[in-house]
Amino acid sequence: MQLDDMLKRCEHFLKDQYTMTAMNGMGHVKKLLKYFPKEKVVAGTALVATILTKPGEVEFVGERGMGTTNWANYTEKPDEKTQALMAELKKANFNPSLKDDFMGTLMAKVVFNSVVNTLCTMFEITMGEYAAFDKADELSRQLIDEAYDVCERAGVQLVNTRAEELESVNYVSKVGCPHHYPSMYQDMSHNRPVEVDYINGYFVKLGRQYNYEAKTHNFVTNLVHLAETTRQNRSAK
């Protein structure tokens, strides 16, 4: 949400640079392409739990080396620089995997976040608390299925099957980071704008382009904004 302003302020030293992003949601790549040639855009997803304590300072949550990352070149043609970036990520225990499907790679994390980030934020709970709920799989499947229905209509081939995506939600929530509050909750708890419009809201907008109404994603998008507004109003009193 602050990317546009940051890119404008930094434009003077972005020339001839590569950009590598693992931001949540969708929409950021389009903004980056205004400042970087498509051959120098590498984007991906990170299943790495962190807490942003202050600008430039991040605390990692969970066991060392537990996280995984997936990456793809915008052109889907990895070059020497991309391979060097993967090598550095491997040294840092980010367990990188280089993919050849740009949209499929990015959208897999958006689906994941549309379940965990959104529902945990709405109810102000950890990922482990969500996964422990006896109806969690039912909630997850409803959001996953609707997101996959949207992607199929848009011609996006996701890297995971629906069953694999549910398995990923459960593994990360129960084993990888059960005590973690997702980044969207961290934003809401500090009265920062939440990113739900770029996650669940993205599926709503994309679905409407293909005459499909992602009703569940629209419903939870509005509920997160209700939770956000309620917290802000209480803080202002």
Looking at (1) part of a helix (DSSP H, G or I); (2) within 17 Å of the chain's Cα centre (by Cα), find the lone condition where LEU7 falls short. (2)
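Considering only residues that are closer than 24 Å to HIS179 by Cβ and without any contact (Cβ under 8 Å) to a residue 60 or more places away in the chain, which ones fall in the range 64-93?
First, pick out the residues of the range 64-93 that are closer than 24 Å to HIS179 by Cβ: 64-70, 92-93.
Within the range 64-93, ARG64, GLY65, THR68, THR69, ALA92, ASN93 qualify.
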Taking the range 188-231 only, how many residues are part of a helix (DSSP H, G or I) and touching a residue at least 12 places away in the same chain (Cβ under 8 Å)? 25
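For the condition closer than 22 Å to PRO78 by Cα and touching a residue at least 40 places away in the same chain (Cβ under 8 Å), what is the one hit in TYR35, TYR18? It would help to see each step written out before you state the result.
Working: TYR35 fails: touching a residue at least 40 places away in the same chain (Cβ under 8 Å).
Every option except TYR18 fails the conditions.
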Failed condition for ALA72, given (1) crowded, with 20+ Cβ neighbours inside 10 Å; (2) in contact with a Pro (Cβ under 8 Å, 6 or more places away or on another chain); (3) not in a helix (DSSP H, G or I), with all others met? (2)
In the range 211-224, the residues that are more than 13 Å from GLU146 (Cβ to Cβ), surrounded by fewer than 22 Cβ atoms within 10 Å (Cβ to Cβ) and touching a helix residue (DSSP H, G or I) at 6+ places or on another chain (Cβ under 7 Å): LEU223
For the range 52-70, what are the residues that are in contact with a helix residue (DSSP H, G or I) (Cβ under 7 Å, 6 or more places away or on another chain) and modelled with pLDDT of 80 or more? THR69, ASN70
Checklist (1) over 28 Å from ARG162 (Cα atoms); (2) not assigned by TED's automatic domain parsing to the domain that holds TYR18 applied to MET107, failing item: (1)
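The values are calculated or read from the model by the stated rules, or taken from the named source; none is laboratory data. As the structure is a prediction and not an experimental result, all values here were calculated from the model. Because the Cβ atoms are built from the backbone with ideal geometry, glycine has one as well, and the counts that use them run over all protein chains shown.
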